[in-house]
Amino acid sequence: MTNARLAIFASGNGTNAEAFFRYFKHHLRVQIATLISSRPDAFALTRARQHGVESLVVDKVMLQSGDLVAWLQQRQITHIVLAGFNWMIPTNLLQAFPDRIVNIHPALLPAFGGKGMYGIKVHEAVKKSGVSETGITIHLVNEHYDEGKILFQARCPVAPADTPETIAQNVHQLEHRHYPHVVEQWIG
């Protein structure tokens, strides 16, 4: 097994990024090498700084051009982990990192997935549908929103009294418990 260098892509608070920083802090084979953010005000950037992880804020031009691919390759990134990154991953990144980009979705795909289905919108749809359970899906990224090969799913109940916010809290617990470990297994 060769050593893996991960880039975490995040757009918001960065709680999943934080889980990765802690999980892989003293790991022998996996290093969190950088955090990429689509928003300069994302708290994920602060979390990266607190853990001594290099970060970069990108705009859509940099994401679409070859500049980001070159930047990641200069840092010898081997895998990309999406952790609340809300932009579609462009073809150039998919080609540069084939089957080496993973995402987590806050529902049991294929339900409640697709364009525009992220964050609280997913939990509102889950609540409105009346389903009795939800969960997380960890999947490879391809050229379509939430359609990549599923690597792992975990479930939690949805009680009649649950709100979208309590559903979100339960799902976040699953994310933090499983995402780093599943990524570690996926890397090998």
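Observations, loosely collected:
- Positions within the stretch 59-81 being under 11 Å from Asn92 (Cβ atoms) and charged (D, E, K, R), in sequence order: Asp67
- Unmet criterion (only one of (1) crowded, with 17+ Cβ neighbours inside 10 Å; (2) touching a Phe, Trp or Tyr at 6+ places or on another chain (Cβ under 9 Å); (3) without any contact (Cβ under 8 Å) to a residue 24 or more places away in the chain) for Gly116: (1)
- When we screen Ala111, Ala161, Ala168, Ala96 for residues that are under 25 Å from Ala4 (Cβ atoms), hydrophobic (A, V, I, L, M, F, W, C) and at pLDDT 95 or above, the only hit is Ala96.
- Scan of the stretch 7-47 for residues that are aliphatic (A, V, I, L, M) and farther than 15 Å from Phe85 by Cα, ordered by number: Ala19, Leu28, Val30, Ile32, Ala33
- Hits in the stretch 8-27 - residues which are among the charged types (D, E, K, R) and surrounded by fewer than 20 Cβ atoms within 10 Å (Cβ to Cβ): Arg22, Lys25
- Screening the stretch 28-49 for residues that are without any contact (Cβ under 8 Å) to a residue 12 or more places away in the chain and of a type outside the set (Asp, Glu) and picking the one that is farthest from Ile89 (Cα to Cα) gives Leu28.
- Any hit, the stretch 74-94, residues being assigned to a loop (DSSP other than H, G, I, E, B), closer than 30 Å to Gly130 by Cβ and either touching a helix residue (DSSP H, G or I) at 6+ places or on another chain (Cβ under 7 Å) or free of Cβ contacts under 8 Å to residues at least 24 places away in the same chain (or both): yes
- Flag for Lys60 being in the same structural domain as Cys156 (by TED's automatic domain parsing), free of Cβ contacts under 8 Å to residues at least 60 places away in the same chain and basic (Lys, Arg): no
- Subset of the stretch 129-188 [in contact (Cβ under 8 Å) with a residue 24 or more places away in the chain, of a type in the set (D, E, K, R), farther than 17 Å from Tyr118 by Cβ and assigned to a helix (DSSP H, G or I)]: Glu184
- Qualifying residue in the stretch 9-26 (condition: part of a strand (DSSP E or B) and more than 18 Å from His178 (Cα to Cα)): no
The values are calculated or read from the model by the stated rules, or taken from the named source; none is laboratory data. None of these values were measured; they are calculated from a predicted model. So basically every Cβ, Gly included, is an ideal-geometry build from the backbone, and we count neighbours across all protein chains shown.
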